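One structure below.
The values are calculated or read from the model by the stated rules, or taken from the named source; none is laboratory data. Quick caveat: nothing in here was measured; it's all calculated off a predicted structure. Cβ placement follows ideal geometry from the backbone for every residue including glycine, while neighbour counts extend to all protein chains displayed. Just the protein is used for accessible areas: all its heavy atoms, side chains included, with ligands, DNA and RNA removed. Shrake-Rupley method; radii C 1.70, N 1.55, O 1.52, S 1.80 Å.
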Amino acid sequence: MLITDSITTCLSPPVYDLVCKVGFEAKESHDINSIVSQYGEVCWKTIAKYMCYADSEGQNVDYLKSVSLLGPVCEAVHTHICSLSKAQFDVQYALWFQWTNFSELFPEIFVALKSSQPAAVPLSLMKLTSCLERALGNVFLLIGKECPFLLRDLLVSKELAEVFGQSVMNILRVFIGSPCGLNLRNILWHGFASPQEIPPKYCSMLVLLTAGLGQLLKIYLQRTNFKFIHRPFLTFTQLKELIIFPDINDEVLSVVEELIKKSTFVLKIMIPFWEAVIMKFRSHRYADCIILLLTQLETGLRKVFTTVNKCPKRFLTAESTAFYTTFDEILAKQLSDDEINHLPLFLGEPAMEFLWDFLNHQEGPRVRDRLSHGEINVNDFPKEVTNQLLAFSIVLLLRFVEEDVLSVSKENASIKILIDCANCYCSQFHPVSQLKKKILYCEESITIWPQLPLVPVEQIQEATRLGSNSEANDCYHLIMKISSELQHYVPQVDCNLSNLLDNPPTAKWSLLLHELCSKRIRTLYCPRSVLEVLVILQKISAHCHLVSDQIIATTEIRFKQWTQKTLRSRQRQNYLRMLNSIKLLSPVLQLLLLLITLELVNIHIVNEKNACEYQQYLKFLKSVLQYTENLVTYSNQEKNKWDESINITHLVLVKIWAFTDKKQMLMHLAKKSPNKIIL
């Protein structure tokens, strides 16, 4: 698919005028000494004089007039900062940037303000606004209990007004945080502004205002004796799960440099951003690279979105009275008018799953959110994350080139590998995928049990053996019956389940779980009912894993104490009961894992249940969850309630048997009357 590119701006006319023209209308000059002292102290009163309000009380900011009057002030500030040497800049302002917990950013911005590279100032502004958001959130927590997630909410909060003053908040909202103002953060982070559309003087002004905020914060802290604490940065904890594409080499980057000029996914006005992406990757500036890449990915996808959905007017920035078309809507199942979004069908499931993984899923990296809200330390940003998004973007670029360009590109072995990886992508962070991983982690833990050190059988007195426990015998009988029923729900398996659930766990059982978990399950746009079930299944799996880990730890400790003869009489008896109990718990945990795996494989059948059936199904799953929660408590080293464990195990097996038996009966009836019975 090729998209015609005749776009000269992604800003709507009113937004373009406000950002690119209004601040240049007034031609008066200002004495910089009235705005900032020679020691770098910001005079907020002077700046506040150029604020305009739509009412006499000074409550509602007149953004248009304020931008117009503040334009010359920003020009004076920009001229002042650019006239300084790096040493002078550091002497005057370095101290006042420390409150941001990212003081090393500002020397970079100082260099960018004097740079001839088109993307330098926009990138600096994006990093500055995310830094400010994080820092202002830290200030909010001096007074407030829970920090608002969005910058716009912070800037209208009474907590920050108490620290800095309402007039200061109003000044900030002219530049960031309000859709009625310049809104520099949003038009940049969402990929609306091209490099040439951002006046550098607004970046200089925000630098000065940041220093001024640091000065006001110092006064507030001295007055209140409050201790200012920085929230720690977040880190990516699942890097291995992110790595799908191989490392991008120089050969691939050279191909990309040509693709940028030929792919209609790239807007001509945005080419400097794409060029900067490649430059930043080559210079190992991975955070800078991915920040720029995210904005252009959103811009390109917005263009495709508005094309396939035939809504070209939504490509430009919205006015303050309407929403922007951002990733949230681009990746949604439906449009705001409840019409079907045609982008998912056009891109295909693998591409959509990748985008949801990297941008939306709660367990995923949520790269754009975390970077734009200042939650990630950009100085320590992992190459792996940037490499994955850039690799995906390269494949996306190739979908919007002429056929001959695509053919030539595919001749490159490295490019072909990227395409193959993209076409085979499966979600790593959807709840379905997360449950699969939890199941296999638990399976891995249970298979350790046979290797545990155990007391020789001859040392266990007959009275303490489990074989004499009739309730335990009933449990074994129920496990056999349930296994026999579950056989009907295992697709294409040539083994007898009754032989699988054994102590110790068999290799066939592990193989079956891995085979079931390898099956592809649809993840895009799962309904709420499916997600609700997945949450319960995840909890059951997590509790089973915890029980297994607790038993492993307790067994190792107690065996050591047994051999050293440091156990008291009661502890010895309890230890022997535990050894007998885990003979039963091993097949029980195997059964539970198999049960939730089968429920996972057939998860979308949940949609076919009526309200009553669904509630009964949830009730059953919650009863299993309650059992695993109790088992966690009873198997804890401090509790050691092994007889009680057998008791609750018997009760839950009765419920599972009733569930599977009823399911089998309904299945049988459905074959006879398929129009009457829904499983």
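Does A193 fit the bill of being in the same structural domain as T79 (by the TED database), of a type in the set (A, V, I, L, M) and part of a loop (DSSP other than H, G, I, E, B)? Give the steps one after another, and end with the answer.
Numbers: in the same structural domain as T79 (by the TED database): yes; of a type in the set (A, V, I, L, M): yes; part of a loop (DSSP other than H, G, I, E, B): yes.
For A193, the condition - in the same structural domain as T79 (by the TED database), of a type in the set (A, V, I, L, M) and part of a loop (DSSP other than H, G, I, E, B) - is met.
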The residue from Q615, Q626, Q573 that alone is over 27 Å from Y441 (Cβ atoms), part of a helix (DSSP H, G or I), of a type outside the set (D, E, K, R) and free of Cβ contacts under 8 Å to residues at least 12 places away in the same chain is Q615
Of K114, K145, the only residue that is surrounded by fewer than 18 Cβ atoms within 10 Å (Cβ to Cβ) and either without any contact (Cβ under 8 Å) to a residue 24 or more places away in the chain or in contact with a Gly (Cβ under 9 Å, 6 or more places away or on another chain) (or both) is K145
Is one or more of the residues making up region 134-154 closer than 18 Å to L234 by Cβ, part of a helix (DSSP H, G or I) and β-branched (V, I, T)? no
Residue by residue through region 537-564, note down the ones that are open to solvent by 50 Å² or more (accessible area, probe 1.4 Å) and under 30 Å from E608 (Cα atoms). K539
Can you name the helices (runs of 4 or more DSSP H) wholly within region 262-332 that have at least 3 residues being in contact with a Lys or Arg (Cβ under 8 Å, 6 or more places away or on another chain) and surrounded by 20 or more Cβ atoms within 10 Å (Cβ to Cβ)? 286-308
Out of I248, I219, I244, I229, sole residue that is part of a loop (DSSP other than H, G, I, E, B) and open to solvent by 90 Å² or more (accessible area, probe 1.4 Å): I229
Only one of L546, L534 is within 20 Å of Q451 (Cβ to Cβ), of a type outside the set (D, E, K, R) and in contact with a helix residue (DSSP H, G or I) (Cβ under 9 Å, 6 or more places away or on another chain). Can you tell me which? L546
Residue pairs within 7 Å by beta carbon, gap of at least six or interchain, first lying in region 166-195 and under 20 Å from L213 (Cβ atoms) and open to solvent by 10 Å² or more (accessible area, probe 1.4 Å), second of a type in the set (S, T, N, Q) and modelled with pLDDT of 95 or more, listed first then second, are R185/T129
Can you pull out the residues in region 374-391 that are hydrophobic (A, V, I, L, M, F, W, C) and open to solvent by 10 Å² or more (accessible area, probe 1.4 Å)? I376, V378, F381
Can you find a residue in region 117-125 that is over 25 Å from the mean Cα position of the chain (by Cα), assigned by the TED database to the domain that holds K218 and closer than 20 Å to Q98 by Cα? no
State all residues of region 400-426 that are open to solvent by 10 Å² or more (accessible area, probe 1.4 Å) and closer than 17 Å to K519 by Cα; if no residue qualifies, say none. N423, C424, C426
Looking for something within 20 Å of R231 (Cα to Cα), part of a loop (DSSP other than H, G, I, E, B) and in contact with a Cys (Cβ under 6 Å, 6 or more places away or on another chain) - is there at least one such residue anywhere in region 103-119? no
Confirm whether L234 is outside the structural domain of L132 (by the TED database) and at pLDDT 95 or above. no
What number of residues in region 630-646 are open to solvent by less than 70 Å² (accessible area, probe 1.4 Å) and assigned to a helix (DSSP H, G or I)? 8
Would you confirm whether any residue within region 40-60 is free of Cβ contacts under 8 Å to residues at least 60 places away in the same chain, closer than 30 Å to K227 by Cα and outside any helix (DSSP H, G or I)? yes
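Going by what's in this entry, would S518 be described as polar (S, T, N, Q), within 36 Å of the chain's Cα centre (by Cα), open to solvent by 50 Å² or more (accessible area, probe 1.4 Å) and under 25 Å from I448 (Cβ atoms)?
Details: polar (S, T, N, Q): yes; within 36 Å of the chain's Cα centre (by Cα): yes; open to solvent by 50 Å² or more (accessible area, probe 1.4 Å): yes; under 25 Å from I448 (Cβ atoms): yes.
Criteria met by S518.
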Yes/no for L534 being farther than 17 Å from I656 by Cβ, open to solvent by less than 10 Å² (accessible area, probe 1.4 Å), assigned by the TED database to the domain that holds E485 and not acidic (D, E): yes
